[in-house]
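The values are calculated or read from the model by the stated rules, or taken from the named source; none is laboratory data. If you're wondering where the values come from, they're calculated on a predicted model, not measured in any experiment. When we count neighbours, we look across all protein chains shown, and the Cβ atoms used for this are built from the backbone with ideal geometry, even at glycine. Surface accessibility is based on the protein's heavy atoms, side chains included, excluding ligands, DNA and RNA. Shrake-Rupley method; radii C 1.70, N 1.55, O 1.52, S 1.80 Å.
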Amino acid sequence: MRSRKIFLAASIAALAAVWPGTARGGPVTEDIDAWAYPQTAAVVRSDPSASSASVSKLHFLTELRAPEVYRVTGRLTDDADQTWLRIAVLGRPNGRLGWVPESALGPLHKVAETLVINRSSLRAILVKGKRRLFSAPIGIGRGKWPTPPGDFYIREGIRIKRGGGVYGAFAFGTSAYSPTLSDWPGGGVIGIHGTNEPDLIPGRISHGCIRMRNQQINRLRRLAGVGTAVEIR
């Protein structure tokens, strides 16, 4: 029994050395799923500390000049009683996370819907909890212009006048960026939009964006909006 206690004490000491605060009840990140508008052009830090490295900066407008929004995935209050929010960092490479002071963002809005993009079945499905709200065939990136996988979100919605061009009647801008192209409008932002070539859907037909027939993108825009989660699988 004595040897077991010694082993347990040594294990706790080793764990505390690797993760400071583990054995002492230090700060713990609370996972959340929300979005918010920026309130200041705050520096985005690599860790929840004002002395950690800068990885980006909050901005107020998207590349297409719509109000910017940020996905919030966690909250932590440090030993100095400052609260930090973990956010999805915009730009390349996709999938980065960073931290900003809670005061840098406005009120948090809960993420209610998720748009699942299945690249194998070439189908988009919008769900809310366990309920399916929408389903449609899609076109995705082809060959050297793939639609990137990952967890993203909708940043903006754009109604297109007359709707007869390559983007169809409506387009969503997402937080995903093309891994190979940067000369599109917005610098390579992956969009979800209509089309003037509906007969090509479903298929691997785009330079990375997700295309839908106009009737279906018009239906989706009534069900999804800014902050909607986008899972590309």
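Annotations for the structure displayed:
- Number of positions in region 209-230 that are open to solvent by 30 Å² or more (accessible area, probe 1.4 Å) and among the β-branched types (Val, Ile, Thr): 1
- Members of region 149-160 that are closer than 19 Å to residue 233 by Cα and part of a loop (DSSP other than H, G, I, E, B): 149
- Region 91-106: number of residues that are assigned to a loop (DSSP other than H, G, I, E, B) and open to solvent by 40 Å² or more (accessible area, probe 1.4 Å): 5
- Region 57-90, subset open to solvent by less than 40 Å² (accessible area, probe 1.4 Å) and of a type in the set (Gly, Ala, Ser), residue nearest to residue 176 (Cα to Cα): 88
- When residues of region 153-175 are limited to those that are more than 18 Å from the chain's Cα centre (by Cα) and small (Gly, Ala, Ser), the one most open to solvent (accessible area, probe 1.4 Å): 164
- Region 112-152, subset touching a Gly at 6+ places or on another chain (Cβ under 6 Å) and at negative phi, residue modelled with the lowest pLDDT: 145
- Selection status of residue 233, closer than 22 Å to residue 114 by Cβ, touching a residue at least 24 places away in the same chain (Cβ under 8 Å) and either surrounded by fewer than 21 Cβ atoms within 10 Å (Cβ to Cβ) or under 19 Å from the mean Cα position of the chain (by Cα) (or both): yes
- The listed residues are 120, 206, 182, 178, and the only one of them that is surrounded by fewer than 16 Cβ atoms within 10 Å (Cβ to Cβ) and either touching a strand residue (DSSP E or B) at 6+ places or on another chain (Cβ under 8 Å) or farther than 27 Å from residue 70 by Cα (or both) turns out to be 120.
- Matching residues, region 46-73, being aliphatic (A, V, I, L, M) and in a loop (DSSP other than H, G, I, E, B): 50, 53, 58, 64, 66, 69
- Strands (runs of 3 or more DSSP E) contained in region 161-217 and holding at least 3 residues without any contact (Cβ under 8 Å) to a residue 60 or more places away in the chain and over 14 Å from residue 124 (Cα atoms): 170-177
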